[in-house]
Amino acid sequence: MAIDFSENSLSRLRLRWALQRMTRPLQKIAPLRLICEDLNLAEPGEFDFILASNVLHHVADPATLLSRLSRWLKNEGLLRIVTYPR
């Protein structure tokens, strides 16, 4: 599942995911559910992997967001944070 408040970003991801599936036909690439929504409003889930890419500067309280995302992970899940270098 991918959540983003930008439909444009989700459209690019949809294209990249489709290209991965076409160029790697022998690999098992799971379907991807895309949701256009604000992370603050999203329902929690249980995820193996969460990638939060360039979102921290968009929220008023990054610590609260990181805490929420970490609670959404499965026991051995991985949370990857990507942000701008400055």
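Some notes on this structure:
- Length-normalised contact order of the chain in % [C-alpha pairs under 8 Å, at least 6 apart]: 31 percent
- Helix 62-71 vs. the chain, principal-axis angle (Cα, 0 to 90°, nearest 10): 60 degrees
- Accessible-area order (highest first, 1.4 angstrom probe) of the listed residues ARG71, ARG12: ARG71, ARG12
- Principal-axis analysis of the Cα atoms of the chain puts helix 7-23 at an angle of about 40° to the longest axis.
- Packing around the peptides 51-60, 22-31, taken as the average count of other Cβ atoms within 10 Å per residue, puts them in this order, highest first: 51-60, 22-31.
- Across all directions, the shadow cast by the convex hull of the chain built on its C-alpha atoms averages 6.7 square nanometres.
- Estimated 222 nm signal from helices in the chain, with DSSP H stretches of n ≥ 4 weighted -39500 (n - 2.57), rounded to 500: -10000 deg cm²/dmol
The values are calculated or read from the model by the stated rules, or taken from the named source; none is laboratory data. From a predicted model like this one, the values you see are computed outputs, not experimental measurements. Ideal geometry is used to build each Cβ from the backbone, glycine not excepted, and the neighbour counts take in all protein chains shown. Please note that ligands, DNA and RNA were not included when accessible areas were found on the heavy atoms of the full protein model with its side chains. Shrake-Rupley method; radii C 1.70, N 1.55, O 1.52, S 1.80 Å.
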